[in-house]
């Protein structure tokens with residue numbers, strides 16, 4: 001402590017910390033406790049020197065003395081940073097497998113705190129939190145479950161990825177309460193992604209999940225809640241998911257009504273009231289407004305990150321899915337078991353980083369991810385544009401600037417003042433798609449200083465019937481970075497043009513390669529499901 005409290009040379013500090021490291025190897029509990037307490041106080045002075053003893057500190061988590069385990073956890077948490085977050089999290093998850101029951105709640109809490117603070121990407125954060133729920137879901141606090149749902153809701157490009165992953169992990173086990181609760185919520189909010197059939201696994205085989213399979217899983221949850229003493233809480237979540245699935249899985253309308261009726265006579269007044277209100281929504285007088293009422297929950301304005309900062313999405317592709325079995329006919333092989341020695345659950349590769357048309361790569365997300373990711377579903381052929389994945393764009397020059405302001409911030413600018421540069425280039429409204437009454441237009445503006453193009457997609461419905469469950473997806477070649485915001489609504493009212501969706505594209509080749517985009521549009525209209533594809537290649541040259 002004297003060495004650490006004076007401005008000693010680094011060699012002397014390392015010597016002191018190495019002595020503390022040797023204390024950790026002592027058989028005397030008091031000496032180990034003193035060493036851990038001192039390391040916790042000096043870790044901020046020379047974190048690199050303490051990192052050398054990380055393995056020994058992690059071993060102390062397995063000590064029989066609870067006070068030593070808690071102190072070792074404090075030191076381990078203090079050692080976590082951006083550089084070692086993945087390794088430290090893996091070690092803590094491995095320990096979670098064998099930790100005592102009375103220690104798991106604090107351990108889960110510390111893992112969640114570290115992941116929220118240092119996560120390198122949203123996808124890795126979601127992956128890791130699902131692993132925590134698979135291994136210690138009965139010990140996860142409500143605030144951590146709520147934060148997970150907030151993260152998922154705020155990352156639309158990972159909606160498909162997350163709901164598919166949660167569905168198959170729930171098929172493996174319904175014993176972990178947090179896994180079941182967040183899984184049921186995601187099934188209700190994003191069940192349309194699960195049953196769409198657009199996601200693919202290895203060998204380009206689609207992931208088939210029928211609407212009836214989703215209802216079967218929810219019925220299993222009702223029959224076997226993870227915590228029978230709090231069954232009514234689980235049932236309330238199931239009821240909310242069922243009413244949301246009315247618009248996501250319309251073919252199961254009558255079965256959903258039957259499932260909700262079982263809660264009408266519940267002894268819990270809240271659950272009884274909810275089910276009665278939900279059943280009222282199923283009456284015919286609500287047909288015209290039901291889709292809007294049951295739209296996705298709006299994203300919370302509260303920041304999802306621990307430090308309030310932005311975090312890249314990461315890959316949104318699904319190229320590994322659970323193995324086929326009697327309960328999962330039609331699903332391609334490849335997933336590791338949901339629970340096991342810290343094994344990766346559905347670890348995925350980057351969709352667009354492989355220049356070859358790989359059968360094991362696809363992206364089922366609702367919106368494309370940043371960093372070269374693409375849109376949702378089976379997009380393997382989406383980038384088959386020839387010439388190394390990019391078709392030549394027209395050489396038309398951009399017209400003069402106009403006064404229109406899309407109001408889109410440059411999310412790749414890093415917050416630093418931008419250097420003085422030429423005014424942004426704008427082009428007139430681009431008509432990119434028009435069919436069956438649906439018209440899509442792009443309003444684009446380019447900032448040459450940052451090689452960034454801001455695009456506002458505007459959707460119009462010229463028909464006399466509403467278009468519901470509207471999904472607009474895009475994919476770009478890997479030399480482009482695409483970030484999409486959620487659409488302002490999933491319902492296009494008749495004779496309206498008030499729904500829009502924002503996109504930002506960064507061309508990493510500074511305009512040497514053209515700005516290209518492939519689109520997929522999906523919606524329900526007049527009782528039918530419409531799926532269409534389109535390509536946009538008429539951006540000005542040099543964009």
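Rule-based calculations on the coordinates, nothing more; no lab input. Remember, predicted model here, so these are calculated numbers, not experimental data. FYI the Cβ positions are ideal-geometry reconstructions off the backbone, even for glycines, and counts take in every protein chain you see.
The figures follow:
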{"read-out": "Rel. contact order, % - alpha carbon contacts under 8 angstrom, at least six apart, the range 456-543", "value": "34 percent"}
{"read-out": "Relative pair counts by distance (%), Cα atoms of the range 129-206, 5 Å bins", "value": "3, 16, 28, 24, 16, 9, 3, 1"}
{"read-out": "Calculated diffusion of the range 56-96, Stokes-Einstein form, Kirkwood radius summed over Cα pairs, 20 °C and 1.002 mPa s, µm²/s", "value": "208 µm²/s"}
{"read-out": "Ascending count of other beta-carbon atoms within 10 Å, so fewest first, for 311, 134", "value": "311, 134"}
{"read-out": "Cβ-based exposure ranking for 185, 286, in which fewest neighbours within 10 Å come first", "value": "286, 185"}
{"read-out": "Debye-sum result for the range 92-160 in log10 I(q)/I(0), which assumes one identical scatterer on each alpha carbon, at q = 0.20, 0.22, 0.24, 0.26 Å⁻¹", "value": "-0.77, -0.92, -1.07, -1.21"}
{"read-out": "Unit Cα scatterers, Debye sum, the range 425-536: log10 I(q)/I(0) for q = 0.15, 0.16, 0.17 Å⁻¹", "value": "-0.64, -0.72, -0.80"}
{"read-out": "Global geometry of the range 137-291, whether rounded, prolate or oblate, following the gyration tensor of its Cα atoms and the 1.5 cut on a/c", "value": "oblate"}
{"read-out": "Span from the the range 113-183 Cα centroid across to the the range 41-111 one, whole angstrom", "value": "21 Å"}
{"read-out": "Residue order, fewest to most surrounding Cβ atoms within 10 angstrom, among 432, 238", "value": "432, 238"}
{"read-out": "Shape of the range 23-128, Cα gyration tensor, a/c cut at 1.5", "value": "oblate"}
